[in-house]
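FYI, it's all coordinate maths here, none of it is from the lab. Since the structure is predicted, the reported quantities are computational estimates derived from the model, not experimental observations. For neighbour counting, all protein chains shown are included, and Cβ atoms are generated from backbone atoms with ideal geometry for every residue, glycine included.
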Amino acid sequence: MISRSKTSPEHVEVRVLRQAAPQQRSYWERFRVAYEPDMNVISVLQRIAARPRTADGQDVTPVAWDCNCLEEVCGACTMVVNGRVRQSCSALVDRLLEENPAEIELRPMTKFPVLRDLMVDRSRLFRALEKVKAWVPVDSYHDMGAGPRQSPEAQQESYPYSQCMSCGCCLDACPQYRKIELIQRDDETDEQFAARQAATYDRNFVGPHAIAQAILFNQNPTGQMNADERVEALTAPGGVQVCGNAQNCVSVCPKEIPLTTAIAQAGRAATVHSIKRWFDR
Amino acid sequence: MAGETNDSWLVRHEFLLRRLHSLSGLIPVGAFMIVHLLTNSSVQNGPGAFQKNVYLIHSLDALLPLVEWVFIFIPIFFHGIFGIVIIAGGLPNTSSYPNASNIRYVLQRVTGVLAFLFIVWHVFHMHGWIHADWWIDGVAKNLGGAQFKPYNAASTAGLALQSFVVIVAYVVGVLACVFHLANGIWTMGITWGAWTSPAAQRRANAVCTVFGVGLAVIGLAALQGMWAQGRGEALEEAIRIEDQQYNAAVQAGILKPNEEKRAQPSEAEPGREASVDQASARSPR
Amino acid sequence: MAQQKVVVIGGGLAGLAAAMKLAELGVAVDLVSLTPVKRSHSVCAQGGINSVNDQTRPLGDDEWIHFDDTVYGGDFLQHQPPVKEMAYWAPKIIDLMDRLGVTFNRTPEGFLDRRRFGGTLFKRTAFAGATTGQQLLYALDEQVRRYEVAGLIKKYEYWDFLAPILDAGGQCRGCVIQDLVSMEIRPLAADAVIVASGGPGLIYGRSTMSMACNGSAASRCFQVGVKYANGEFIQVHPTAVPGSDKLRLMSESARGEGGRVWVPRTPQDSRPAAQIPESERYYFLEDRYPEYGNLVPRDIATREIFNVCTKEGLSVESERLCVYLDLTHLPREMLDTKLGGILEIYEKFQGVDPREVPMKIFPAVHYSMGGLWVDYERTADGGLTAASPRNQQTNVPGLFAIGECDYQYHGGNRLGANSLLSCIFSGLYVAPSVVSYFQTREATGEVPPALLEQEGRRHQERHDALLKRRSGKENPYLVHQELGNLMTRAATVVRDNDDLRSAIETVHQLRDRADRCALSDTGNWTNQNVVFTKSLIDMFPLALSILQGALARDECRGAHYKPAFAMPGIEADSPEEKRRLAEAWCDRFEENTKKWLKSTIAEYDSSSREVRLSYEPVDTTLIPPRPRLYGLVGAEVIEEVWKERLASRAGDVSGNGSGAGTKETVAAS
């Protein structure tokens, strides 16, 4: 419970780590936003966008950031707020001021290339979903009747994983997930660059979100049919073996997805799979 | 940051290497450590009890170096060196995310490095690594290494532990090894998929904690026991017992006499008379 | 034959469904979206998706009744064949989504579980927890990713749709898009363009819609000549949590479980709610509707809450309009078991525990029934001709519209859990139609490179000019805020012709001010300022369509409520008098139906920048229109009179309207 009766400040001090474009130097800028009840970080950024002037009165460009649903289901507005990665829509100003009454500190995610200010390029996160084949490979979209029956227990087990909104919190907090920022070379076409990017991403850690998605589709009765392909992907370079069990993923996940359970299940599947493969070859 | 199209051998075999690393931590390295600490803690039952265990190990005789290298030293080197590769791939962030498991993630790496450095030095300090005269006499001894003599096990070990710095290093080293093993078993259970649900992981954590505390007690008991054998009257008594056992074993034909594995007179300062007395027994066959 | 290519604008349910179905048919797809498609607004839908199913059939349900419920809920403003087709497809669509791995809730035996939603008597709604829209979207997103890996779909995420490209013959040959990161403007040639850009919530400032729902894509099509239909039909949800950034939906179930709506009798009483004594609380719904209390129908609740705040000035806060939705008198354990999920959402975003402090809520714009006009081809039995190139095609050849941004399925008001259905249905259904369009259209050959280049350059110049403009001092964000406030006041819950007239005037002024906006960012890298300003400028044509459509429509229909033209219930003592009034009521209803049962068609004149209205008759041949009497005083006698008229007419024209009477009893009860 928060009380904002007497202690409500007149202004909120906001410190934003800004960066004009990729590869450029970042710098801090301080803003002062009039306090309103029920503010969240998004509304603070909206006020800054409407009147981009720093605390010391300088007119600057508005802060760029990413958001969409503002209900914590789309995963767009992830950023590092007061040192902790989270969705900025559900980061309430009153709560943040309890953590630190002096100011609110906003930084872009640390594991993804900054595009501008608080906007980052999270394409690697989606590439990981391609790598683990996170889909049900149905034959067609024709009318073939209902899907296989599933027990409510199985649905309850899968449902949490299916809520993953690819926000990237788990990746940003993971000490084993390292930032990769590639620069397009002059002699490289867009396609060549995209291919190089994909190859580099594939070699590095897929991340807890993708491991959980692989488990989700391996639990699905139809998805199960190519479970081996997903386990194969999870034991390829950058697979589940990179996990260092710091378990930050599960503690920062805004949807409380049991990511460490997925990782352990992936570990078990990998164990069985690799032993089987070794004896079968 | 990797950017080349040709993956290195290390990258291509990442899964296998990581799993071997995980496995080697328990078998043989961890398992050896448990046996080692248990054996050493038998010194709490007197130097004779410990000496008996050492004789048992040394009954392998010529095979011993082979066993040591294949089952202990090489796995330790693999585990340690690949461990450093793993550590280099991580980026600790406990200041932002001070969760218990994240702190243990860092501790696992810190204790891993400590344990590896400690083991390298500990083997040198006690064992000397290589049983070649030029090395032992020419290098190791001059650097304070190779102080343990298997046929004067407790007394030489105890003597080697008398310096304050050394005993502190051993306490830290042993605790680091114990934490690394206990926490390592817990993470291994996740890596291999033995405990998957949060509840199972919590239970496994409790078991690993009990195991770790137990092993720490055993390790510290071994250290304390050794250290106690290396001073005052206990030392004299220890040497007396060890020499007695040696002589008895040699006379019974169970043991091949081997002066290399015994304390040299110059090394054991107090209680020399006892040794001198027995010098006659050391006459060649 | 060269590979055909389609550009799909928007990656929500409709756009993704169309993209994957086209890919399956071997057509290459460029998928353009303001956000990564997985972050589209469809994720916000919580409730579920409707279809007739094996649990409802034994109770007498069938596709026809689902169709009837939808048409009745929409106040008969939809063309009926597409709605019928959708209702008959619904079970197949849910089967498909089930096969795609959607984690629908299950019965103990393993079948799909269903819940009941508003506007129907049957448990038709399949659901996946409280995140059905998210689950459905993800399933489609995964299929699209699969085709992306296979190379048939190419995504342009963080790209803005600037305009369709029309050739000299008026055929759509591609579109111009802009990279929101690098600001690169690029013309894309295409054999067809499908717009699936969702609703225009941002025109109302804050709504329950996402930030990408700015209506700009629809407006940009409108501005090159696509008709916009029924714009004035905007669904307002009675209970949303007003946030300073957006309005978040609060489920009706809070009232269902005993929540009470009230305001302090003293305007803007500054005391905390708990300290306001019972005698100083005004439970206005319970007072005014003793029979229904807090559970009055949605539109009535919406209107009363709106009125008590605006007309009566009793809003809880002075800065923003809201009333209390109070659960604090209910036992905690009950709240936790029955409402746990939604209360957590409130707590998460408001930082206040609704079990201890009353929630503050207000109605919010939720969905646009209107949208781009699209065609369909009808079969003899009143369904759609599968794969007809006319289906979902706008009046611009080669330009199709699907999902919330088309006007076709919901008429005057939308039934709960029907939006997800209409999005997926129109997405899947459009794909074969587009393929037939390729075969039936005149041979056009390659898109002339000069046309592409010219269109690209035109938009580049407009963009550059906007960046360089130094003239004005207007702030686009403030203009947007004013537009939102104005639209919310004039064109949501209660509509009044004087208000609408003055709002139209103000919108013109605001548009002029928007033209003079100065940018705070004049750079050419990830410039959100210029992108927002462009979308703001494009809000005005749609805003005018909504306002003018509302002004012209002098009646009450669905979500469009004009008190001056309301048809109140009848109150009389003697049965004869009742009877007489009911006859008069039905006469008036028929007259009104004749006059107003027609779609509003808005067209944009780009030279004068004005919106012109015309009307189009509605195909109601399958289910004849009948009055919606829910909650009306004297409903029984009106219904009686109405049925008699229907029966006598059925006698006159034998065969016509057969069966409607029996269906009606189900739907109207």
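Overview of results
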item	result
Per principal axis, descending, Cα span of segment C:39-174 in whole Å	55, 36, 23
Where Rh is the Kirkwood radius over Cα pairs, Rg/Rh for segment A:20-132	0.98
Shielding score for C:126-132, defined as the mean number of other chain Cβ atoms within 10 Å	3
P(r), alpha carbons of chain A - 10 Å bins starting at zero, rounded %	6, 25, 29, 22, 13, 5, 1, 0
Tensor-based shape of segment C:3-59 (alpha-carbon gyration tensor, a/c under 1.5 rounded, otherwise prolate or oblate)	oblate
Using θ = phi - 60° and Karplus 6.51 cos²θ - 1.76 cosθ + 1.60, couplings along segment C:70-75 (whole Hz; Gly, Pro as x)	5, 5, 5, x, x, 6
Only Lys, Arg (+1) and Asp, Glu (-1) charged, at Cβ; the protein assembly as shown dipole about Cα centre in debye	1720 debye
Most positive-pole-ward Cα, C:Ala163, C:Gly398, C:Tyr561, against dipole of chain C from beta carbon charges	C:Ala163
For segment A:196-281: span of alpha carbons on each principal axis (Å, largest first)	41, 34, 23
14 Å beta-carbon shell around C:Lys338, net charge (K/R +1, D/E -1)	-1
Among beta bridges that DSSP assigns inside segment A:11-116, antiparallel share in %, nearest 5	85 percent
Area projected by the alpha carbon convex hull of segment C:178-218, averaged over all directions, nm²	3.7 nm²
Derived scalar couplings ³J(HN,Hα) [segment C:267-278; Karplus, 6.51 cos²θ - 1.76 cosθ + 1.60; whole Hz; x for Gly, Pro]	x, 6, 3, 7, 6, x, 3, 5, 8, 8, x, 3
Order of B:His122, C:His480 - criterion: other Cβ atoms within 10 Å of each residue's Cβ, fewest first	B:His122, C:His480
Simple spin-label estimate for A:Glu10 and A:Phe193 in nanometres, 7 Å along Cα-Cβ	4.8 nm
Value of relative contact order over chain C, rounded to a whole percent, pairs C-alpha under 8 Å and six or more apart	19 percent
Hydrodynamic radius (Kirkwood) for segment B:1-140, which is based on Cα pairs only, to one decimal in Å	17.9 Å
10 Å Cβ neighbours from other chains, averaged over peptide A:168-177	3
Rh (Kirkwood; distinct C-alpha pairs) - segment C:72-113, Å	12.3 Å
Amide proton proximity set for B:Ile130, modelled H, under 5 Å, gap of 5+	none
Order of C:Tyr158, A:Tyr35 - criterion: other Cβ atoms within 10 Å of each residue's Cβ, fewest first	A:Tyr35, C:Tyr158
Residue-count net charge about A:Asn248 - beta-carbon cut-off 13 Å; Lys, Arg +1, Asp, Glu -1	+3
Proxy reagent accessibility, fewest Cβ within 10 Å first, across C:Lys246, C:Lys594, A:Lys133, C:Lys643	C:Lys594, C:Lys643, A:Lys133, C:Lys246
Out-of-range pairs (alpha-carbon distance over 32 Å; input A:Lys131/C:Lys348; C:Lys562/C:Lys643; C:Lys534/C:Lys594; C:Lys123/C:Lys154; C:Lys227/C:Lys643; C:Lys38/C:Lys123)	A:Lys131/C:Lys348; C:Lys534/C:Lys594; C:Lys123/C:Lys154; C:Lys227/C:Lys643
Whole-number D in µm²/s for segment C:299-389 (Stokes-Einstein; Kirkwood sum over Cα pairs; 25 °C, 0.890 mPa s)	144 µm²/s
Rg [Å, one decimal], Dmax [Å, integer] - segment C:460-552, C-alpha atoms	14.6, 44
Axial C-alpha extent at least 18 Å, average Kyte-Doolittle at least -0.5 - helices from chain B (DSSP)	B:74-88, B:100-122, B:164-191, B:198-229
Under 5 Å, built H, 5+ apart or other chain: amide partners of C:Leu188	C:Cys175, C:Val176, C:Ile177
Within-11-Å neighbourhood charge of C:Arg116 [Cβ basis; K, R +1; D, E -1]	+4
Euclidean distance between Cα centres, segment B:151-177 to segment C:495-537, Å	79 Å
With eigenvalues of the C-alpha gyration tensor scaled by 5 and rooted, segment C:237-363, Å	20, 16, 15
Separation of alpha-carbon centers, segment A:221-258 and segment B:85-141, rounded to whole Å	30 Å
Centroid-to-centroid separation of segment B:1-67 and segment C:609-643 [C-alpha atoms, Å]	84 Å
At least 30 Å along the helix axis (C-alpha) and Kyte average at least -0.5, DSSP helices within chain A	A:259-280
Rotationally averaged projected area of chain C (alpha carbon convex hull; nm²)	31.1 nm²
Signed unit charges on C-beta, dipole axis of the protein assembly as shown, positive-most listed residue B:Phe116, A:Ala199, A:Val14	B:Phe116
Only Lys, Arg (+1) and Asp, Glu (-1) charged, at Cβ; chain B dipole about Cα centre in debye	820 debye
Cα gyration tensor category, rounded, prolate or oblate, for segment C:442-489 with a/c compared to 1.5	oblate
Inter-site label distance for C:Thr620 and C:Val224 at 7 Å from Cα along Cβ, in nm	3.6 nm
Lone cysteines, chain A (no partner Cβ under 4.7 Å)	A:Cys89, A:Cys164, A:Cys167, A:Cys169, A:Cys174, A:Cys243, A:Cys253
Overall Cα dimensions of chain B - principal axes, largest extent first, Å	69, 41, 33
Shielding score for C:14-24, defined as the mean number of other chain Cβ atoms within 10 Å	1
C:Asp406 long-range amide H proximity, modeled H, under 5 Å	C:Leu372
Distance histogram for segment A:122-280 (every C-alpha pair counted, 10 angstrom bins, percent rounded to whole numbers)	10, 37, 33, 16, 4, 0
Using θ = phi - 60° and Karplus 6.51 cos²θ - 1.76 cosθ + 1.60, couplings along segment A:54-64 (whole Hz; Gly, Pro as x)	6, 4, 9, x, 8, 7, 10, 6, x, 6, 8
Rounded FRET efficiency, nearest 0.05, which uses the C-beta distance separating B:Leu63 from A:Trp278 and R0 of 25 Å	0.25
Charge-dipole axis of segment A:11-116 as Lys and Arg at +1 and Asp and Glu at -1 on Cβ define it, positive-most pick from A:Gln23, A:Leu45, A:Val63	A:Gln23
Cα-based radius of gyration of the protein assembly as shown once divided by 2.2 N^0.38 Å, which approximates compact folds	1.14
Base-10 log of normalised Debye intensity for segment C:381-481 (one unit scatterer per alpha-carbon) at q = 0.12, 0.15 Å⁻¹	-0.71, -0.88
Distance (nanometres) between label positions extended 7 Å along Cα→Cβ at A:Glu229 and C:Ser270	6.7 nm
Binned Cα-Cα distances of segment A:72-181, short to long, each 10 Å bin given as a whole percent	11, 33, 28, 17, 9, 2, 0
Test item: Cα-centred dipole of segment C:130-283, Lys/Arg +1 and Asp/Glu -1 on Cβ, debye	200 debye
FRET efficiency for A:Arg53 and C:Glu184, using Cβ-Cβ distance with R0 set to 35 Å, rounded to 0.05	0.75
